[in-house]
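Data first, discussion second: the structure below is written as structure tokens.
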Amino acid sequence: MEEGKKGYLKMTSYEILQHEFVDMRVIQLSVNNQNVICIPIEMLAVHTFFRSIFKPNHPEKLVHDVILNIISEFDSKVMEVLIYDMEGELYHAKMLLRDADGREHYIELESSDALAVALKAPCNVYVSEEVFRQYAESRVRWYDAYAPDIIERLSEMSPESFETYNEYDLKLFLRKAIEVDEFEIAAFIQKALNKKI
């Protein structure tokens with residue numbers, strides 16, 4: 001798939017984060033730090049990410065190493081990973097393989113596994129524009145549902161900690177703070193947002 005292919009955005013960076021309000025890890029994917037999406041990931045995928053970065057030559061093989069070994073044994077190569085759809089918190093992913101004869105095959109994978117394989121391969125990751133749209137809508141619904149808890153959590157945060165959030169989440173935080181007349185919190189959020197713009 002070529003960069004800029006219609007309907008998809010090529011991810012340019014990723015980061016493993018602790019979800020801000022739920023006890024789980026997410027991978028934050030972004031396009032030039034603007035379009036951001038956070039996908040929940042399994043702990044095994046977290047281990048693969050960290051091992052790939054900090055201990056790339058570790059002798060113990062994880063499931064994602066085994067997946068790549070099997071692909072290699074069949075004279076194939078991982079070309080790209082697509083995050084093409086979402087249903088609630090479930091993200092649908094597929095991996096494009098190319099065999100020695102140049103034939104291409106798509107394989108469905110759980111999204112966190114697909115992303116872990118993409119890091120190990122390595123290969124490009126693309127997210128559909130429709131998934132970004134659905135993600136943005138789901139974040140607004142989520143923030144609306146948990147507004148009281150969010151404002152309480154925000155009031156306990158230091159002003160500097162707001163700078164660790166992406167621009168999209170800061171805008172949602174700002175909206176919530178203004179809606180409930182928490183103008184001091186809103187000022188801290190706006191200051192952090194100004195540094196992102």
Checklist entry - Going by the conditions given, is I107 in contact with a Phe, Trp or Tyr (Cβ under 9 Å, 6 or more places away or on another chain), of a type in the set (A, V, I, L, M, F, W, C) and open to solvent by less than 90 Å² (accessible area, probe 1.4 Å)? => result no
Checklist entry - What residue, of L44, L115, L82, L62, is closer than 17 Å to E15 by Cβ and touching a helix residue (DSSP H, G or I) at 6+ places or on another chain (Cβ under 9 Å)? => result L115
Item to check | Yes/no for S52 being assigned to a helix (DSSP H, G or I), among the small types (G, A, S) and surrounded by fewer than 17 Cβ atoms within 10 Å (Cβ to Cβ) | outcome: no
Next on the checklist: surrounded by fewer than 16 Cβ atoms within 10 Å (Cβ to Cβ) and assigned to a strand (DSSP E or B): is that true of Y91 in this structure?
Outcome noted: no
Checklist entry - Is there any pair linking a residue in segment 100-124 that is free of Cβ contacts under 8 Å to residues at least 60 places away in the same chain to one that is acidic (D, E) and open to solvent by 60 Å² or more (accessible area, probe 1.4 Å), with Cβ under 7 Å and at least six apart or on different chains, and which? => result A100/D75
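Do the conditions hold for R133, that is, is it under 27 Å from L90 (Cα atoms) and surrounded by 16 or more Cβ atoms within 10 Å (Cβ to Cβ)? Explain how you work it out, then say what you get.
Values: under 27 Å from L90 (Cα atoms): yes; surrounded by 16 or more Cβ atoms within 10 Å (Cβ to Cβ): no.
No, not satisfied.
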Next on the checklist: Where the second residue is buried (at least 16 other Cβ atoms within 10 Å of the Cβ) and of a type in the set (D, E, K, R) and the first is within 14 Å of Y126 (Cα to Cα) and lies in segment 25-40, which pairs have Cβ atoms under 7 Å and are six or more apart or on separate chains?
Outcome noted: V31/K10
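The values are calculated or read from the model by the stated rules, or taken from the named source; none is laboratory data. Everything numeric in this text was worked out from a predicted model, so none of it was measured. Don't worry about glycine lacking a Cβ; one is built from the backbone with ideal geometry, like all the others, and counts go over all protein chains shown. What goes into the accessible areas is simple: the full protein's heavy atoms, side chains included, and nothing from ligands, DNA or RNA. Shrake-Rupley method; radii C 1.70, N 1.55, O 1.52, S 1.80 Å.
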